[in-house]
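Working notes, beginning with the structure itself.
The values are calculated or read from the model by the stated rules, or taken from the named source; none is laboratory data. Worth saying up front: this structure is predicted, and the values here are computed from it rather than measured. All Cβ positions, glycine included, derive from the backbone under ideal geometry; neighbour counts span all protein chains shown.
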Amino acid sequence: MSASSSSIDVPSPYAIPPPSVPPPEEPNSSLPPIPLLLLDHSQSLSPATKPEFLYWLRMAILYHGSFYLTNTGIPEELTDQMAKSAEELFKISDDEKAGCSINYSPGFLGWCGIVDGECRETWEFGPDLDGKQVSSNAPPYARLRYARNQYPSEAALSNFKGMLKGYNKFLTDLAFMYNELILEALGVPTGAFDGFFDEEAKLGGRIKFTRYFRGEDSKQYGEAPYRDAWLSFLMFANDVPGVEMLSEKRQTLTLPPLPSTLLVQTGTALSFATHHAVLSLPHRVLQPPPDAPDSLTIRYAMQLRPNLPYEDILKGIEGAENMNEEAKRVRDQRRERRKRGFEAVRKVVAGIRAFKGTGKAPESTSKEASKLETVGDADLYRRIKSRPTVGKKWYPEISVESVPASS
């Protein structure tokens, strides 16, 4: 990002002139065209370049919802090892995979084979919270956090456990750093997100390795549209494309894999907590192109405090009145659009009910969501709905039918 003091035309949708032109993208780069900003993390570490970095971070979270991040400080040797392990994980024997099936985990951790309607295979791992026990009176979602990881054997994949722990530590430190950088970019006092996390959340997030393959039905997604709760960091383990994002204007954007970068995605809870100043948009993954190899990704997701009440998220962070003018303007515009959208839905539903003879208008467009009191509830219910066989085994008291549609 080269500094410039000359007069410039402000590119839409930016209301405040950027400190440099063009946006942060490598000059004369051989990279493919990308619809998101490419931020250089190293510039956040220097007092001389941090103000400009915060400007572009603000543009990314206000207007794009996601961004590419380069020069993260993660050792190249570690990222190479992770990419290699992503390939090797899916090549180990079927017996080894079956022995690590998520069917054996109350935390939905381990290997998940191919499920009807999907063109993907996954391995998921959480932080190792050694020695932690779930009390008998703890809520069901507590078992998600304290479930043991199911690692492939050392004979099947050597040094994997130690490598994964190291990567989880790097990503967790990076993620909490971006909690503070986002607040700085918005003009909100640092520490405003602290109440959404606890000490165990700082011990690591959940990491999912995914293999997307070509299915018989070309219309099926590799992965249907999804959003995480807070921040997630996606590493492309090879150069096969497929990740897409739906923009705020309902345009489909292709997000190509870039070498030595992370794709940072903002989640729904983060958007609510910032009063919708931060934009959160759904992502999906297509099947690999014909004749292309399987695509491989590694996604790190931050973990919120599971007993965090939804009410606290909806209430939003303290200090929001201190947001800078750009963030306030975007926040207020989104609030107004959401209000108009909710009112339109209420009128349509009220009209349908009146037509059917009930005549009762809905009290809230998020009535189903009110059944979920905490973040932990939502996480557990979402997983049960996605993997009902595992849910029925470990949580028989929660039927799939009882899971709110909004979870």
Residue that is surrounded by 15 or more Cβ atoms within 10 Å (Cβ to Cβ), of a type in the set (Asp, Glu) and not in a strand (DSSP E or B), where the choices are 80, 128, 95: 128
Among the candidates 284, 299, residue that is among the basic types (Lys, Arg), in contact with a strand residue (DSSP E or B) (Cβ under 9 Å, 6 or more places away or on another chain) and buried (at least 18 other Cβ atoms within 10 Å of the Cβ): 299
Those residues of the range 56-81 which are within 15 Å of residue 39 (Cβ to Cβ) and polar (S, T, N, Q), in sequence order: 66, 70, 71, 72
Of residues in the range 194-227 being modelled with pLDDT of 95 or more and hydrophobic (A, V, I, L, M, F, W, C), the one surrounded by the fewest Cβ atoms within 10 Å (Cβ to Cβ): 197
Where residue 108 falls short, out of the listed (1) at positive phi; (2) free of Cβ contacts under 8 Å to residues at least 40 places away in the same chain: (2)
Any hit, the range 122-144, residues being farther than 27 Å from residue 307 by Cα and not β-branched (Val, Ile, Thr): no
Pairs where the first residue, in the range 189-204, is touching a residue at least 60 places away in the same chain (Cβ under 8 Å) and the second is hydroxyl-bearing (Ser, Thr, Tyr) and surrounded by 13 or more Cβ atoms within 10 Å (Cβ to Cβ), C-beta under 6 Å, 6+ apart: 204/172
Extreme residue, farthest from residue 170 (Cα to Cα), among residues of the range 235-252 that are in a loop (DSSP other than H, G, I, E, B) and among the polar types (S, T, N, Q): 251
Neighbours by Cβ (under 8 Å, 6+ apart or cross-chain): first from the range 156-173, within 15 Å of residue 302 (Cα to Cα); second in a helix (DSSP H, G or I) and basic (Lys, Arg): 172/202
Close pairs from the range 232-251: first in contact (Cβ under 8 Å) with a residue 60 or more places away in the chain, partner assigned to a strand (DSSP E or B) and among the aromatic types (Phe, Trp, Tyr), Cβ under 6 Å, at least 6 apart: 233/300
Sole exception among (1) closer than 22 Å to residue 303 by Cβ; (2) under 24 Å from the mean Cα position of the chain (by Cα) for residue 119, by number: (1)
Test result for residue 336, modelled with pLDDT under 90 and surrounded by 12 or more Cβ atoms within 10 Å (Cβ to Cβ): no
Among the candidates 118, 184, residue that is in contact with a helix residue (DSSP H, G or I) (Cβ under 6 Å, 6 or more places away or on another chain) and assigned by TED's automatic domain parsing to the domain that holds residue 318: 184
Residues being in a strand (DSSP E or B) and either outside the structural domain of residue 249 (by TED's automatic domain parsing) or among the polar types (S, T, N, Q) (or both) - total across the range 276-311: 2
